Amino acid sequence: MLRIGMLTSGGDCQALNAAMRGVVKGICTKRDDVEIYGFEDGYKGLIYGKYHMLTAKDFSGILTKGGTILGTSRQPFKKMRIPDKDGLDKVESMKHTYHKLSLNCLVVLGGNGTHKTANLLREEGLNVITLPKTIDNDLWGTDMTFGFQSAVDIATDTIDKIHTTATSHSRVFIVEIMGHKVGHVTLHAGIAGGADVILLPEIPYDIDVIAGVIEKRATQGKRFTIIAVAEGAISKEDAKLKKKQYKEKLANRNSPSIAYELAQQIQKKTDQEVRITIPGHTQRGGSPCAYDRVFATRVGAAAAELIEKEEYGYMIASKNGKITKVPLQEVAGKLKMVDPEAGIIQEARTIGISFGDK
């Protein structure tokens, strides 16, 4: 009997269900002696022993369904070694649940923090395989994560729709896109949506440069400016602060987010009307796009193959268009940032997109 535990952890995104379906179909088409234990709400289910038995039928018809049929939650890695309010040792409890169910392996779908905990469990002796989930596409060791392209499509659609109203009213529109630490979604959506300025956490901006772009467009007779800004975009002044100082500044920020702060600064420096649009959690919602359905299915099937071979301790990844495996210890704790010198940045600059830095 093959017993598989499965959980989805961290922020939800499109194609989680598609990826789980890929794993289950990949295994159940080859053998019938399979038991699947779905843990509820991520690592919380593994910690507190909340799970339910699933069959292949439970994974039928979910390819196009967004969210996760297992539920999810955020369980910060830095708190995993800290007992809960009742004194429960979370790591020991997860190990106990795993062994109590006599699992052959645990399949974990998640992003950066999720992979840190998955690697911790690997170090504790559990058989773990992970799948690369995050809209941010910031997981080390893989060119792509599922959820990313769907989020880019939604953010792009938002920018597309802003064009008409921005043109009609001769306004500056700031579209704030998800991405606290990295700017992959903002970069791709900004280029795809025809943004004039793209602001990323990896490229500190100068507000005077942004104002200059807006004023130059106005003198050229262009009736609007669209700025795509990542949640974690940072000014050159703030980038010089120490981490603790910057956190304190954010805690005392008068505006709700970076978009509002930028709007206030731009209105002071130009005579342009500024409006803000924040698609927010819609970027995580809805059905996965075709690309994500295919990619999630592929990584799910690859995970099934590793389980059959009893090869554990890996994340399924995409490198140079091929599905492969990467040791978990090489992935955990590393972020894949946008490279300011990357070709895509240089090509965007070539067509006149400003990154607010020069």
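Report the local net charge at Gly22: Lys and Arg +1, Asp and Glu -1, summed over other residues whose C-beta lies under 13 Å from its C-beta. Walk me through the intermediate numbers first.
Details: positive: Arg21, Lys25, Lys133, Arg293, Arg298; negative: Asp292, Glu305.
Every neighbour counted, the sum reads +3.
So which lysines pass the test for Lys244, namely a Cα distance under 17 Å, with those fewer than 8 places away in the same chain ruled out?
Lys181, Lys236
May I ask for log10 I(q)/I(0) of the range 60-124 at q = 0.14, 0.26, 0.29 Å⁻¹, from a Debye sum over the Cα atoms as equal point scatterers with solvent left out?
Log10 of I(q)/I(0), two decimals: -0.52, -1.29, -1.37.
Apply the Karplus parameterisation 6.51 cos²θ - 1.76 cosθ + 1.60, with θ equal to phi minus 60°, to every residue of the range 215-223 and state each ³J(HN,Hα) to the nearest whole Hz, in sequence, with x for glycine and proline.
3J(HN,Hα) across the range 215-223, in whole Hz: 5, 5, 4, 5, 5, 7, x, 8, 7.
Out of residues 5 or more away from Glu202 or on other chains, whose amide H comes under 5 Å of its own, with H placed 1.01 Å from N in the peptide plane?
So Glu202 has HN proximity to Gly183.
So how far, in whole Å, is the C-alpha centre of the range 148-219 from the one of the range 340-358?
That distance is 13 Å.
So if we plug the beta-carbon distance of Asp160 and Glu305 into 1/(1 + (r/R0)^6) with R0 = 30 Å, what FRET efficiency do we get, rounded to 0.05? Each step should come with its number before you reach the end.
Details: r = 39 Å, r/R0 = 1.30.
So, using R0 = 30 Å, E works out to roughly 0.15.
Using θ = phi - 60° and the Karplus relation 6.51 cos²θ - 1.76 cosθ + 1.60, list the HN-Hα couplings for the range 14-26 in order, rounded to whole Hz, with x at every Gly or Pro.
Ordered by residue, 3J(HN,Hα) equals 6, 6, 4, 5, 4, 5, 4, 4, x, 5, 5, 5, x Hz.
If you take the square roots of the eigenvalues of the alpha-carbon gyration tensor of the range 114-254 and sort them as a ≥ b ≥ c, do you get rounded (a/c under 1.5), prolate (a/b over b/c) or oblate?
Values: a/c = 3.27, a/b = 1.66, b/c = 1.96.
It comes out oblate by the Cα gyration axes.
Can you order the peptides 28-37, 170-179 by their average number of other Cβ atoms within 10 Å per residue, highest first?
On the way: 28-37: 14.1, 170-179: 25.0.
Sorting 28-37, 170-179 by mean packing, highest first, produces 170-179, 28-37.
Hey, which aspartates and glutamates would be in cross-link range of Lys358, C-alpha to C-alpha under 17 Å, not counting anything within fewer than 8 residues on its own chain?
Within the straight-line cut-off, Lys358 pairs with Asp196, Glu202, Asp206, Asp208, Glu215, Glu237, Asp238, Asp339, Glu341, Glu347.
Pairs Lys78/Lys325; Lys116/Lys247; Lys50/Lys100; Lys44/Lys85: which exceed 18 Å Cα-Cα? Before the final figure, lay out the partial values.
Working: Lys78/Lys325 26 Å; Lys116/Lys247 23 Å; Lys50/Lys100 13 Å; Lys44/Lys85 14 Å.
Among Lys78/Lys325; Lys116/Lys247; Lys50/Lys100; Lys44/Lys85, the Cα-Cα distance tops 18 Å for Lys78/Lys325; Lys116/Lys247.
How do the peptides 264-270, 319-325, 43-49, 14-20 rank, highest first, by the average count of neighbouring beta carbon atoms within 10 Å per residue? Walk me through the numbers on the way to the answer.
On the way: 264-270: 15.0, 319-325: 12.0, 43-49: 22.3, 14-20: 28.9.
Top of the packing list down: 14-20, 43-49, 264-270, 319-325.
For the range 29-93, with every protein chain kept in place, what is the accessible area per residue (1.4 Å probe, Å²)?
Working: 3910 Å² over 65 residues.
Ligands and nucleic acids excluded, the figure is 60 Å² per residue.
Under 20 Å Cα-Cα from Lys30, which aspartates and glutamates qualify once same-chain neighbours fewer than 8 residues away are excluded?
Within the straight-line cut-off, Lys30 pairs with Asp58, Glu305, Glu308, Glu310, Glu311.
Report the label-to-label distance for Lys85 and Leu241 in nanometres (one decimal), using points 7 Å from each Cα along the Cα→Cβ vector.
Using points 7 Å along Cα→Cβ, the separation is 3.2 nm.
For the range 184-201, in order, what is each residue's ³J(HN,Hα) by Karplus, 6.51 cos²θ - 1.76 cosθ + 1.60 with θ = phi - 60°, in whole Hz (x at glycine and Pro)?
4, 5, 4, 4, 5, 5, x, 5, 5, x, x, 5, 8, 10, 10, 10, 10, x
Given a Förster distance of 25 Å, report the FRET efficiency between Thr324 and Val294 from their Cβ-Cβ distance, rounded to the nearest 0.05. Walk me through the numbers on the way to the answer.
Working: r = 16 Å, r/R0 = 0.66.
E(calc), rounded to 0.05, equals 0.95.
Rounding to the nearest 10 and keeping the result within 0 to 90°, find how far the Cα-based axis of helix 148-169 lies from the longest principal axis of the chain.
20 degrees
If amide H atoms are built 1.01 Å from N in the plane of the peptide, which residues on other chains or at least 5 residues away come under 5 Å of the amide H of Leu139?
Lys336
Of the heavy-atom accessible surface of the range 16-175 (probe 1.4 angstrom), what whole percent is carbon and sulfur?
Details: 3160 of 6630 Å².
Reported share for carbon and sulfur atoms: 48 percent.
The values are calculated or read from the model by the stated rules, or taken from the named source; none is laboratory data. Note that the structure is a prediction, hence the values are computed from the model and not measured. Please note: Cβ atoms are built from the backbone with ideal geometry, for glycine as well, and neighbour counts cover all protein chains shown. Each accessible area value is taken on the protein alone, full model and side chains, heavy atoms only, with ligands, DNA and RNA left out. Shrake-Rupley method; radii C 1.70, N 1.55, O 1.52, S 1.80 Å.
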